[in-house]
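Chemist: The structure that follows is given in the form of structure tokens.
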Amino acid sequence: MASLPQIEIPLYGIGVSPGIAIGPARMFHVTALDVPASSIEDPAAELARFDEAVKKARVTLTALKEQTLDELGEKHAAIFQAHIDLLDDVALRPEVERRLNEEKLSVEYLVNDLIGRYTKMLGQVQDPLFRERSNDLLDVGRRILGYLLEEELESLEHLEEPCVIVAHDLSPSEAVNMDLTNTMGLATDAGGPTSHMAIIARAFQIPTVVGLRYLGSRIGKGDTVIVDGTKGSVIIHPREETLERYRSEKQRQEELRLALAEAATEGPSVTLDGKEIPTYANIELLAETHLSKRAKCQGVGLYRTEFLFINRASLPTEEEQYEHYRRIVEAMAPLPVTVRTLDLGGDKALPSVTAERETNPQLGWRSIRLCLDRPDIFKSQLRALLRASVHGEMQIILPMITGIDQFLEAKQVVEEVKEDLRQRGVPFDEELKLGSMVETPAAALIADRLAQVCDFLSIGTNDLIQYCLAVDRANQRTAHLYQPTHLSVLRLLEKTLSAAKAADIPCGICGEMAGDPVLTELLLGIGFASLSMSSISLPRVRAEIANIHLATAKRFARKVLKMSSASEIRALVEERYESRGTLKHLQTAKA
Ligand code: PEP
Ligand code: MG
């Protein structure tokens, strides 16, 4: 009988890392293992097998911990230490022993059953701290089961061929250990934009879509799948014409990438009329320092420190933070690094601190508010940062500032920490600058006063737009109302910049607007002299700057600021961008 043609299935989730991947699906922990229940005669012998499997797991985990410590640092290595600790968990062995004696079933069946129970529980619990721990237990359970079954433990460490990984979710240890060379794309049923996996995927530029909910049940091993991380979609069993369309789009993107890499020059980008515009990178991981340097940035304009704190059950110690910050500034030296103090809360929950549910987390106990209420956390981070400041070029920026009193209170804490370090003879950079993020309309409207008390400003447009337009930045249903070209937003940008200029302090942009090449001319025209963005955006924005006439950009911005409609402004900037044709020129020049 002829087989039925496969139907193309498009699915939509959340794109967390842009780009297109096309390849065979590699299923990973999509469904639970089927381990049949077989009876046993000797519970003691089974328990000995369990102990042996735990021993093997300990040896592997210890080796993984050492290797990760060297390659990715303490934060990632801590994941494996947590797993080693779980192996020693007193509750697990007695539970296995009790069931072996009572049920007289094979130990692999019992361990698999325990894993199944945890998976089920995981699907039901709300408490993020508990979820975290259950996730780790699952990970450890699977490892033990692998040894009991004497099967090669399913792992993403060594993939035989390039493939798209399809998983229910990836645990932190799985994400850290992925074979980066053969992972073309990632698609998961669970997960959100701030999950460990999403952050790693972005850092390593692997096209990724999460939150697909039912992908795992609709796809089989080896099925062709397209992952469009830019649009947040996945297509299973694509038709030939769909494949063709995506292949040519992917090729176009690849050619562009090569053309941009070839055209890249060292140092700041220079406009057609000779104005140097430094461009900086936004990073979250140590590993990104390498990518950002390769993209020819002039330093890190925003280092989001949250990653060290999220997706774990306990707070990092001052020592762990110090090590990490030191490695980041050393990796970037002699280029400068602007480190942002903890911006937790909102969409980035820290279970051990922000466990309480809030009605409006984006307007709630987050960021600098949390830090000022928890001086223990804030001071430990500041001490670590100040100690690391002697190892490179560093400045510190405070997030979510809404008022002068708040900035001064935070500055006072910085001064106290400095004084404490001085007393103890611990060196730090005495000249270290302290700046304020401008990501609330309140901060933008009092930028002239803020500029009197801080050393520099940086505009976080992601939050600024959200708060100015009262639109949740992560809500798909209101995404059309999230308009960077809204006149109110542009006026806040202009107002903040002119306040900084009047006070003679630097003011750049570090939100996503800075990484959108369509907006580059408008931003330069308004007067911004530095931009900070994710490394993936650097080549395109740098090429755009080199194709812009600053004098023309200024005239253009004046015209735009007289307009009213956000959609008309967007259409106009897009038209200008198209007619400049920077990328086409680059490709033609290359050909
Ligand atoms: C911003 O709000 O623009 C910003 C840069 O910070 P984050 O995206 O981390 O909130
Ligand atoms: Mg922000």
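The values are calculated or read from the model by the stated rules, or taken from the named source; none is laboratory data. Computed from a predicted model, the values in this text were never measured in an experiment. As a convention, Cβ positions derive from the backbone with ideal geometry for all residues, glycine included, and neighbour counts pool all protein chains shown. Areas reflect the complete protein model, heavy atoms only, side chains present, ligands, DNA and RNA absent. Shrake-Rupley method; radii C 1.70, N 1.55, O 1.52, S 1.80 Å.
Chemist: How long is the gain from SER155 to LEU445 if the chain were fully straight, where each residue apart is worth 0.36 nm and the alpha carbon distance is subtracted?
Modeler: 99.2 nm is the gain from fully extending SER155 to LEU445.
Chemist: Compute the angle between helix 318-332 and the longest alpha-carbon principal axis of the chain, please, reported from 0 to 90 degrees and rounded to the nearest 10.
Modeler: That works out to roughly 60 degrees.
Chemist: Find the relative contact order for region 455-501 and round it to a whole percent, using C-alpha pairs within less than 8 Å whose residues are 6+ positions apart.
Modeler: In percent, rounded to a whole number, it is 34.
Chemist: With a cut-off of at most 16 other beta carbons within 10 Å, and DSSP calling the residue loop, which chymotrypsin sites (Phe, Trp or Tyr not before Pro) in region 356-418 qualify? Please list them.
Modeler: Those that pass, being in a loop and sparsely packed, are TRP365.
Chemist: In whole Hz and in residue order, list the ³J(HN,Hα) couplings for region 530-539 that follow from phi through the Karplus curve 6.51 cos²θ - 1.76 cosθ + 1.60, θ = phi - 60°; x for Gly and Pro.
Modeler: Values, residue by residue: 7, 9, 10, 8, 5, 4, 5, 8, 4, x Hz.
Chemist: Next question. Find the accessible area per residue for the chain; the probe is 1.4 Å, ligands and nucleic acids are left out, and the unit is Å².
Modeler: I get 45 Å² per residue for the chain.
Chemist: Next up: Using only alpha carbon pairs under 8 Å that are at least six residues apart, calculate the relative contact order of the chain and give it in whole percent.
Modeler: After rounding, I find 14 percent.
Chemist: Count the DSSP beta bridges whose two residues both fall in the chain, then state the antiparallel fraction as a percent rounded to the nearest 5.
Modeler: Of all bridge pairs located within the chain, approximately 35 percent are antiparallel.
Chemist: Long-range amide H contacts for ILE397: which residues qualify at under 5 Å (H placed 1.01 Å from N, peptide plane, sequence gap of 5 or more or a different chain)?
Modeler: VAL339, ARG340, THR341, GLY435
Chemist: What nm value, rounded to one decimal, do you get for the distance between GLU52 and LEU180 when each label is placed 7 Å out toward the C-beta?
Modeler: Distance between the two pseudo-spin positions: 3.8 nm.
Chemist: Highest first, please rank the peptides 386-394, 204-212 by the mean number of other Cβ atoms sitting within 10 Å of their residues.
Modeler: 204-212, 386-394
Chemist: Cα axis of helix 43-72 to longest principal axis of the chain: angle in degrees, 0 to 90, nearest 10?
Modeler: Roughly 20 degrees between the two axes.
Chemist: Show me, for region 382-395, the HN-Hα J-couplings you get by feeding each phi into the Karplus relation (A = 6.51, B = -1.76, C = 1.60, θ = phi - 60°), rounded to Hz, glycine and proline as x.
Modeler: 5, 4, 4, 5, 4, 4, 6, 5, 7, 8, x, 9, 9, 9
Chemist: Oh, and also: Could you give the nm distance between label points at ARG245 and ASP88, where each point is 7 Å from its Cα heading toward the beta carbon?
Modeler: So the two model labels end up 5.7 nm from each other.
Chemist: What nm distance separates the two modelled labels at SER38 and ASN101, each placed 7 Å from Cα along Cα→Cβ?
Modeler: About 2.5 nm separates the two model spin labels.
Chemist: Counting other Cβ atoms within 10 Å, which trypsin sites (Lys or Arg not before Pro) in region 522-572 have at most 11 and lie in a DSSP loop?
Modeler: Answer in residue order: LYS562.
Chemist: Given the C-alpha centroids of region 273-348 and region 485-554, what is the distance between them in whole angstrom?
Modeler: 21 Å
Chemist: How far is helix 550-561 tilted, in degrees, relative to the longest principal axis of the Cα atoms in the chain, given as a value from 0 to 90 rounded to the nearest 10?
Modeler: Helix 550-561 sits at roughly 80 degrees to that axis.
Chemist: For region 471-591, just say rounded, prolate or oblate: build the C-alpha gyration tensor, square-root its eigenvalues into a ≥ b ≥ c, call rounded for a/c under 1.5, and beyond that prolate if a/b exceeds b/c, oblate if not.
Modeler: Cα axes put region 471-591 in the rounded bin.
Chemist: Classify region 246-335 as rounded, prolate or oblate from the Cα gyration tensor: take a ≥ b ≥ c as the square roots of its eigenvalues, call it rounded if a/c is under 1.5, otherwise prolate when a/b beats b/c and oblate if not.
Modeler: It is oblate, given that a/c is not under 1.5 and a/b is not larger than b/c.
Chemist: What ranking of LEU385, LEU149 comes out by heavy-atom accessible area, probe 1.4 Å, highest first?
Modeler: Result of the area sort, largest leading: LEU149, LEU385.
Chemist: Taking 25 Å as R0, compute the FRET efficiency from the Cβ-Cβ separation of GLN423 and THR317 and round it to 0.05.
Modeler: My answer for the efficiency is 0.75.
Chemist: So how much accessible area does GLU431 have, in Å² to the nearest 10, using a 1.4 Å probe?
Modeler: Near enough 140 Å² of accessible area.
Chemist: For region 471-591, which whole-number percentage of the solvent-accessible area (1.4 Å probe, protein heavy atoms only) is attributable to carbon and sulfur atoms?
Modeler: About 52 percent, which is the carbon plus sulfur part of the accessible surface.
Chemist: When only Cα pairs under 8 Å and 6 or more residues apart are kept, what is the percent relative contact order across region 471-591?
Modeler: Across region 471-591, relative contact order equals 27 percent.
Chemist: Summarise the long-distance tail of P(r) for the chain by giving the % of C-alpha pairs beyond 45 Å.
Modeler: Every Cα pair in the chain considered, those over 45 Å come to 21 percent.
Chemist: Helix-only mean residue ellipticity at 222 nm, the chain, DSSP H runs n ≥ 4 weighted -39,500 (n - 2.57), per residue, nearest 500. What is it?
Modeler: -15000 deg cm²/dmol
Chemist: What is the calculated FRET efficiency for ASP405 to THR359, with r their C-beta to C-beta distance and R₀ = 22 Å, to the nearest 0.05?
Modeler: 0.30
Chemist: Quick check on region 192-346: take the gyration tensor over C-alpha atoms, sort the square-rooted eigenvalues as a ≥ b ≥ c, and tell me if it's rounded (a/c under 1.5), prolate or oblate.
Modeler: Because a/c hits 1.5 or more and a/b fails to exceed b/c, region 192-346 counts as oblate.
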